[in-house]
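The values are calculated or read from the model by the stated rules, or taken from the named source; none is laboratory data. Since this is a predicted model, take the numbers as computed values, not measurements. Here Cβ is always computed from backbone atoms with ideal geometry, including for glycine, and neighbour counts include all displayed protein chains. Remember, those area values only see protein heavy atoms, side chains included, never the ligands or the DNA or RNA. Shrake-Rupley method; radii C 1.70, N 1.55, O 1.52, S 1.80 Å.
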Number of protein chains: 4
Amino acid sequence: MEFTPYTRKAQYYETDAMAIVHHSNYIRWFEEARIDYMDQMGYGYRQLEADGMGSLLLDVQCSYHKPVRFGDAVRIDVHITECRGVRMRVRYEVYNQQTGALCCTGETCNCFLNSEGKPVALKRHCPALYQLFVASME
Amino acid sequence: MEFTPYTRKAQYYETDAMAIVHHSNYIRWFEEARIDYMDQMGYGYRQLEADGMGSLLLDVQCSYHKPVRFGDAVRIDVHITECRGVRMRVRYEVYNQQTGALCCTGETCNCFLNSEGKPVALKRHCPALYQLFVASME
Amino acid sequence: MEFTPYTRKAQYYETDAMAIVHHSNYIRWFEEARIDYMDQMGYGYRQLEADGMGSLLLDVQCSYHKPVRFGDAVRIDVHITECRGVRMRVRYEVYNQQTGALCCTGETCNCFLNSEGKPVALKRHCPALYQLFVASME
Amino acid sequence: MEFTPYTRKAQYYETDAMAIVHHSNYIRWFEEARIDYMDQMGYGYRQLEADGMGSLLLDVQCSYHKPVRFGDAVRIDVHITECRGVRMRVRYEVYNQQTGALCCTGETCNCFLNSEGKPVALKRHCPALYQLFVASME
């Protein structure tokens, strides 16, 4: 699979009084990029919900290397690093597109839920999506 | 009815690169203050939902008079100005508690929804809440 | 001048418990679209700041017609409706790109500030930008 | 030192389409609680800025145990776990006040900056604040 990197601009309302993007917003950018990645895989989050499933975040980690400022264009690289049992682990790298600098790295761990809200193993519960994740790891 | 004014502090993550609270956040503060007001009336938003109803915003207006900065304590006064047919109109005044300055004024108009998501006249559909709104206008 | 309409997708973190985009986010979308419009005009907000100027929101109004849901693609049309004295008035229309439905309309009024933070008449203080706004109104 | 625990209610605009508080908001709550803690210590963030210093987040980690819903009251416990060299490490525990359940735990690591924006060792650069942190760890 070939993925188009996710890009976006830092918005004014995402800055804080230090004139840099507030650290909480990178967590939101991770979500944007993860959702875009699944859309590109061909099994988007809306499909997931249409199939009676959900997704819940279990863990997030984020390291801030260089500030991003209003108007900066960023590229967010997404890597599925693990998809085992009920869990999926994803790595993110946020790059400033002008300078090429790596601004932020992070990781999320989420699980998938069935229609009763119980965590399910993707391999058994939704093999189509599981195969896509596995293929994208290769 | 006696209401305790709604107060809160401006948070760091609510500021923007001009080192003032971003204008979009006042709309959120209006919601906080409106929900607190209904809680104090004795018929909170959770009760509304438990009774199979909902609320939908139709309109918002906001005028910015003086900036609020990180750490400023504000008081938000709430006035129900109209509760007729399917609509409720509410006015807000945001004051800086240290200086007493009026920083922001605004208005929202919302309607109430039944469990099918259709707008309903509160007077007929939920007279208990309607009476509380009317009483609070006096 | 020819403008490319501003488009974006509704993000998951922008939804609320009613599974629709929270009303406060449209105010942020207006800002995104206004900034994009100025970028396209050839005098972006960063240029404004580099020239020692700023911009302050005085007023915002927003009417909600139809909800936008997670994953919906929207187009935001921007119209400069007034640029006189120290004020600029802008109208926004948010359309659902799939259905074509008009979901939200709104207006902002802002003023421009010099390096001391005082409101200035754009016509005199920054005729280049003023001419661009006037041209875009035609 | 005796600290009053930081409490607040989950706001409607903080929920997402799963009708739970969106995970990104806990990062903001950590900031609220950390700032409140420094206020209670007697050396608040505004004092820090008045003394020509700043603070920069280097790292954040957050684990989600149980969802928080609209209207839930939460208590956020703050523990300074390390204050060495240029870094300060803080742990957070978010409890549902009604049920007592531990909903979320997390950690931030930040550094302090001098007026040129360079990281400084608090012990040397601002011994008064350093002593307060050390005392609060005991």
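At a 1.4 Å probe radius, carbon and sulfur cover how many percent of the accessible area of the protein assembly as shown? Its accessible area is 47 percent carbon and sulfur atoms. Between copies, the label points of A:T7, set 7 Å from Cα on the Cα→Cβ line, lie 1.6, 5.0, 5.0 nm apart, reported in increasing order to one decimal in nanometres. Comparing D:Y26, D:Y13, D:Y43 in a Gaussian network model of chain D, where Cα atoms under 10 Å apart are tied by springs, the biggest mean-square fluctuation is seen for D:Y13.
Round to the nearest 10 and give me the degree value, 0 to 90, for the angle of helix D:24-41's Cα axis relative to the longest principal axis of chain D. Taking Cα atoms only, the helix is inclined about 50 degrees. Name the most mobile residue of C:C83, C:C104, C:C126, meaning the one with the largest mean-square fluctuation, in a Gaussian network model of chain C with Cα contacts below 10 Å. Greatest mean-square fluctuation among the candidates belongs to C:C126.
Each Lys and Arg Cβ is given +1 and each Asp and Glu Cβ -1; about its Cα centre, chain C then shows a dipole of about 180 debye. Axis angle, to the nearest 10 degrees, between helix A:127-137 and the longest C-alpha principal axis of chain A: 40 degrees.
Chain C and chain D together bury an accessible surface of about 800 square angstrom, both sides counted, with a 1.4 Å probe and no ligands or nucleic acids included. Across chain A, the relative contact order, built from alpha-carbon pairs under 8 Å that are at least six residues apart, equals 26 percent.
Approximating the spin labels as points 7 Å out from Cα along Cα→Cβ, the C:Q40-to-A:T99 distance works out to 3.0 nm.
Distances, shortest first, from the label point of C:Q98 to those at the same position in the other copies read 3.3, 3.6, 4.8 nm; the point lies 7 Å along Cα to C-beta.
Take A:M41, move 7 Å from Cα toward the beta carbon, and the resulting point lies 4.2, 4.3, 4.6 nm from the same point in each other copy, nearest first.
Kindly identify the protein assembly as shown as rounded, prolate or oblate by the Cα gyration tensor criterion: order the square roots of the eigenvalues as a ≥ b ≥ c, call it rounded if a/c is under 1.5, otherwise compare a/b with b/c, prolate if a/b is larger, else oblate. Note, shape of the protein assembly as shown comes out rounded. Figure legend: label point modelled 7 angstrom from the Cα of B:A128 along Cα→Cβ; residues of the range B:1-34 with amide N under 19 Å from it are B:1.
Result for chain A in a Gaussian network model with C-alpha springs under 10 Å: among A:E93, A:E107, A:E14, the largest mean-square fluctuation is at A:E14.
For chain A, the solvent-accessible area works out to 43 Å² per residue, with a probe of 1.4 Å and every protein chain left in place.
Go through D:K66/D:K123; A:K9/A:K66; D:K9/D:K66; A:K9/D:K66; B:K66/C:K123 and tell me which ones have a Cα-Cα distance over 27 Å in this structure. As for pairs spanning more than 27 Å Cα to Cα, those are D:K66/D:K123; A:K9/D:K66.
Considering only chain D, the C-beta nearest to the rotation axis that sends D to B is found at D:R8, 4, the distance in whole Å.
The charge dipole of the protein assembly as shown, taken about its Cα centre with unit charges on the Cβ of Lys, Arg, Asp and Glu (plus for the first two, minus for the last two), comes to roughly 0 debye. This model, with +1 at the C-beta of Lys and Arg and -1 at the C-beta of Asp and Glu, gives the range C:37-86 a dipole about its Cα centre of some 240 debye.
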